[in-house]
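Peer 1: After the structure tokens below, expect a handful of questions from me.
The values are calculated or read from the model by the stated rules, or taken from the named source; none is laboratory data. Everything quoted here is computed from the prediction, not taken from an experiment. Methodologically, a virtual Cβ is constructed for each residue, glycine included, from the backbone with ideal geometry; neighbour enumeration extends over all protein chains shown. Ligands, DNA and RNA are excluded from the accessible area calculation, which covers all protein heavy atoms including side chains. Shrake-Rupley method; radii C 1.70, N 1.55, O 1.52, S 1.80 Å.
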Amino acid sequence: MSKCHEIQYLIMSEKSLFKPHEKDNARTATVKLQTELQNWCAAFTSYLCSQKSYIKSLHEWSRHSLPSSYFEEGERSKKGENSEKGENTEKGNKCTRLLGDWLACLEKLEDKEVSKAMGEFDKELKRLREEQNKEQERKKKVDKLNEDILEETLKSTKKKNEKKNKKKEEELNGLKKRLENEKKAYKTSKTNTQKIVTNVIQERFALIFKSLAEFTTKASQDYAEVARKHNTEIAS
């Protein structure tokens with residue numbers, strides 16, 4: 001899995017990968033991504049807890065169920081066990097030690113970096129949603145002002161009274177000024193959204209895969225060390 005996560009990290013690190021779009025479903029896609037991220041984080045935590053719980057149960061079972069697994073070799077000799085029973089007991093001891101080392105390995109595994117990376121990504125998705133909402137509101141204001149200006153323009157062309165026309169012209173100019181300000185605000189919000197998507201979001205997403213690659217590499221190394229240790233015992 002570590003190799004897979006490394007490849008995912010390299011892909012997500014490609015700066016040209018994410019291209020913001022202005023479709024109406026962009027906010028819906030962000031909400032869905034955030035929900036899937038939270039499910040992913042919960043599944044990762046649940047997986048680790050279930051692994052520890054499973055190995056801990058096996059370890060306890062082996063300590064209390066395999067032949068005399070608590071007794072040291074000297075104590076077994078004093079009790080006059082025959083060679084066959086002693087061999088079974090030694091096998092039980094090896095199984096218990098293996099499970100104990102496996103459990104210790106799981107307990108030492110650090111998953112903080114993975115959880116941290118997912119948490120940071122979740123924060124940025126929340127920030128993106130807020131900026132997308134701002135952008136959407138700005139766009140609505142721009143569209144509404146465009147409609148109002150068009151409506152007032154059509155009305156003013158039908159009026160013959162110059163005084164009224166002058167007043168309407170002033171109102172129309174006021175609407176146009178507001179429109180220019182809202183367009184600038186909309187453009188700023190749009191730029192902020194694009195920056196969050198192309199820079200922060202992609203970077204944070206990539207860091208999740210990087211942390212997962214490091215986590216799985218460490219886990220694989222630790223598991224291999226436990227296996228090597230016990231294979232050496234069996235061989236001897």
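Peer 1: In what sequence, largest accessible area first, do Cys41, Cys105, Cys4 appear using a 1.4 Å probe? The partial results should precede the final answer.
Peer 2: Values: Cys41 40, Cys105 5, Cys4 60 Å².
Sorted descending by solvent-accessible area, the residues read Cys4, Cys41, Cys105.
Peer 1: Given a Förster radius of 30 Å and the C-beta distance between Glu120 and Gln221 as r, what FRET efficiency does 1/(1 + (r/R0)^6) yield to the nearest 0.05?
Peer 2: According to the calculation, E is roughly 0.70.
Peer 1: Let me ask another. When the chain is fully extended, how far beyond the present Cα-Cα distance does Lys32 get from Glu137, taking 0.36 nm per residue of separation?
Peer 2: That works out to 35.8 nm of additional length.
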